[in-house]
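Right, one structure below, let's go through it.
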Amino acid sequence: QLQLVESGGGLVQPGGSLRLSCAASGFSLDYYAIGWFRQAPGKEREGVSCISRNGGTTNYADSVKGRFTISRDNAKNTVYLQIDSLNSEDRAVYYCAATRQVLNICQLSTTFWNYWGQGTQVTVSS
């Protein structure tokens with residue numbers, strides 16, 4: 001029923017940009033906080049950004065602050081992650097996650113989230 005599908009990943013040169021999309025099916029994102037996470041080979045999954053249900057609260061990991069921008073378009077039932085100034089450390093599979101919320105909050109801890117997409121690969125290479 002509840003599905004999250006990531007898209008927009010690909011091969012990008014260092015310094016380049018990507019916009020990742022997280023599209024929801026089977027439910028409305030209007031009542032859900034959305035988070036973006038990434039996992040590089042051999043590393044644990046890392047929270048990079050999240051946005052509260054109404055967009056009033058956003059959080060970013062220190063490693064991506066100033067380069068990544070999260071946004072949501074509830075009319076399209078989609079959340080975006082704009083990634084600028086890509087570097088080699090950004091290479092990972094990027095996942096979106098959702099959890100239903102009453103409060104206008106979000107957290108970057110993986111345990112906060114109930115629903116996960118299957119991921120989209122971001123590769124940074126010269």
The one condition GLY55 fails out of (1) open to solvent by less than 50 Å² (accessible area, probe 1.4 Å); (2) modelled with pLDDT of 95 or more; (3) not charged (D, E, K, R) is (2)
Out of curiosity, is ALA61 among the small types (Gly, Ala, Ser) and open to solvent by less than 10 Å² (accessible area, probe 1.4 Å)? no
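Please tell me if GLY9 is at pLDDT 95 or above and more than 11 Å from the chain's Cα centre (by Cα). Full working, then the answer.
Values: at pLDDT 95 or above: yes; more than 11 Å from the chain's Cα centre (by Cα): yes.
Yes; evaluated as a whole, the condition is true for this residue.
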Among (1) under 20 Å from GLY10 (Cβ atoms); (2) modelled with pLDDT under 95; (3) of a type in the set (S, T, N, Q) - the single one GLN118 does not satisfy: (2)
So LEU29 ticks every box in (1) open to solvent by 10 Å² or more (accessible area, probe 1.4 Å); (2) modelled with pLDDT under 95 but one. Which box is left unticked? (1)
The listed residue being among the aliphatic types (A, V, I, L, M), touching a residue at least 12 places away in the same chain (Cβ under 8 Å) and closer than 14 Å to VAL124 by Cβ, out of LEU18, LEU29, LEU108: LEU18
If we ask which residues in region 39-52 are farther than 25 Å from GLY26 by Cβ and open to solvent by less than 60 Å² (accessible area, probe 1.4 Å), their number turns out to be 1
Any idea which residue in region 76-102 is least open to solvent (accessible area, probe 1.4 Å), counting only those that are assigned to a loop (DSSP other than H, G, I, E, B) and in contact (Cβ under 8 Å) with a residue 40 or more places away in the chain? LEU86
Find the residue count for region 22-65, including only residues that are small (Gly, Ala, Ser), part of a loop (DSSP other than H, G, I, E, B) and touching a strand residue (DSSP E or B) at 6+ places or on another chain (Cβ under 8 Å). 6
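The values are calculated or read from the model by the stated rules, or taken from the named source; none is laboratory data. Quantities reported herein were computed from a predicted structural model and do not represent experimental measurements. Counting neighbours? That spans all protein chains shown, and the Cβs are built from the backbone with ideal geometry, glycine included. Just the protein is used for accessible areas: all its heavy atoms, side chains included, with ligands, DNA and RNA removed. Shrake-Rupley method; radii C 1.70, N 1.55, O 1.52, S 1.80 Å.
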